[in-house]
1. Which residue, of Asp188, Asp216, is of a type in the set (Asp, Glu), under 24 Å from Ile282 (Cβ atoms) and at pLDDT 95 or above?
2. Restricting the search to the range 256-284, which residues are without any contact (Cβ under 8 Å) to a residue 12 or more places away in the chain and either of a type in the set (Lys, Arg) or within 17 Å of Phe209 (Cα to Cα) (or both)?
3. If only one of Leu125, Leu93, Leu97, Leu138 is within 13 Å of ligand 1 (Cβ to nearest atom) and either over 17 Å from the mean Cα position of the chain (by Cα) or over 19 Å from Ser302 (Cβ atoms) (or both), which one is it?
4. Just one of the numbered conditions (1) within 16 Å of ligand 2 (Cβ to nearest atom); (2) part of a loop (DSSP other than H, G, I, E, B) is not true of Leu148; which one?
5. Please enumerate the residues belonging to the range 262-302 that are out of contact with any Gly (no Cβ under 8 Å at 6 or more places or on another chain), basic (Lys, Arg) and within 22 Å of Asp15 (Cα to Cα).
6. Which residue, of Lys42, Lys2, is more than 15 Å from the chain's Cα centre (by Cα), surrounded by 17 or more Cβ atoms within 10 Å (Cβ to Cβ) and closer than 30 Å to Gln79 by Cα?
7. Modelled with pLDDT of 95 or more, surrounded by 20 or more Cβ atoms within 10 Å (Cβ to Cβ) and touching a Ser or Thr at 6+ places or on another chain (Cβ under 7 Å), is that true of Ala195?
Amino acid sequence: MKRHLLSMSDLSAGDIIDILNLAEQLKFERKNGIEHKLLTGKTLGMIFQKSSTRTRVSFEAGMYQLGGQALFLSSRDLQIGRGESVEDTARVLSRYLDGIMIRTYSHKEVEDFAAHGTIPVINGLTDYAHPCQVLADLMTVREYKGGLEGLKAAYIGDGNNMANSIIIGGLTAGMRISAACPRGYGPDKKVLDFAAGYGDKFMLTEDPFDAAENADVLCTDVWSSMGMEEEAEIRRVVFARYCIDEKLMEAARPGAMVLHCLPAHRGEEITADVFEAHADEIFEEAENRLHVQKAVLVKLMS
Ligand code: CP
Ligand code: NVA
């Protein structure tokens, strides 16, 4: 496995399986009261430039459960917020910490941190990618469906960090992926170039019903990601038909799962009824952030 987890393209199919296997074992151990202090004495720094509920709490609790500790570092309080460079911050923090998780806007910042520091860097969400979330999504699909290979996942909505990561992660794991995004709001070009190597296992369309056809899993995310608040009004118009509702569920395979990384906007990207009908899957997906990130921490920091 590579030294950092910056995006899903850092992981091979074998890496994904190894992470999911370890995550399942750690989940079992936690549920059965079996200690697994695999990172005793280790410290993870967590730099947040954006809000978070799941990422912050699951990384922090996960480090404690592994016998280590986590430091919450708001970028507002660090000197980075007053202009100290990412490069210098990386060189300093590498001397104190054993690993760093970063949530920020620009993907280049996590790449720069990785290039200038000497400790593993984990991307806790950038505008480009959200790999920890997609590992939790893959874990949840594997739990519910018994495997990943050959299953079809359809992503409905904005071609954002989640779309980018689902496309790369899903294809790498052997799934078929379709994405329905409005024109001008598609996934990143790098991601489309990657997907082009998978032939007809990938489809990009503007029509949510084409994407959802016979899907085993439907995924969505907010229409306006963090940092796009000013575009919210126009996006509500552009994305109006990119909603997982009962009719779209009918296009999918009977028994299809629904995933949402949360937070959800009921009545926008998903109806309240579909959300509640699939709440068990969605909250299992949220729980799996904890288990899968613990597996990533062990793989990168032990
Ligand atoms: N899904 C996710 O990353 O949630 P948070 O923004 O609450 O961390
Ligand atoms: N695409 C969303 C995901 C939140 C977990 C955002 O970036 O805000």
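The values are calculated or read from the model by the stated rules, or taken from the named source; none is laboratory data. As the structure is a computational prediction, the values presented were derived from the model and not from experiment. With ideal geometry, Cβ positions are generated from the backbone for all residues, glycine too; neighbour counts draw on all protein chains shown.
1. When all the criteria are applied, what remains is Asp216.
2. Arg266
3. Values: Leu93 fails: within 13 Å of ligand 1 (Cβ to nearest atom); Leu97 fails: within 13 Å of ligand 1 (Cβ to nearest atom); Leu138 fails: within 13 Å of ligand 1 (Cβ to nearest atom).
Just a single option satisfies the conditions, and that option is Leu125.
4. (1)
5. If the condition is that a residue be out of contact with any Gly (no Cβ under 8 Å at 6 or more places or on another chain), basic (Lys, Arg) and within 22 Å of Asp15 (Cα to Cα), then Arg289, Lys299 are the ones that fit.
6. Criteria check complete, one pass: Lys42.
7. no
Okay, residues lined up against (1) touching a strand residue (DSSP E or B) at 6+ places or on another chain (Cβ under 9 Å); (2) hydrophobic (A, V, I, L, M, F, W, C):
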{"site": "Gln49", "(1), (2)": "yes, no"}
{"site": "Val57", "(1), (2)": "no, yes"}
{"site": "Gln65", "(1), (2)": "no, no"}
{"site": "Glu87", "(1), (2)": "no, no"}
{"site": "Leu97", "(1), (2)": "yes, yes"}
{"site": "Arg103", "(1), (2)": "yes, no"}
{"site": "Ser106", "(1), (2)": "no, no"}
{"site": "Gly117", "(1), (2)": "yes, no"}
{"site": "Gly124", "(1), (2)": "yes, no"}
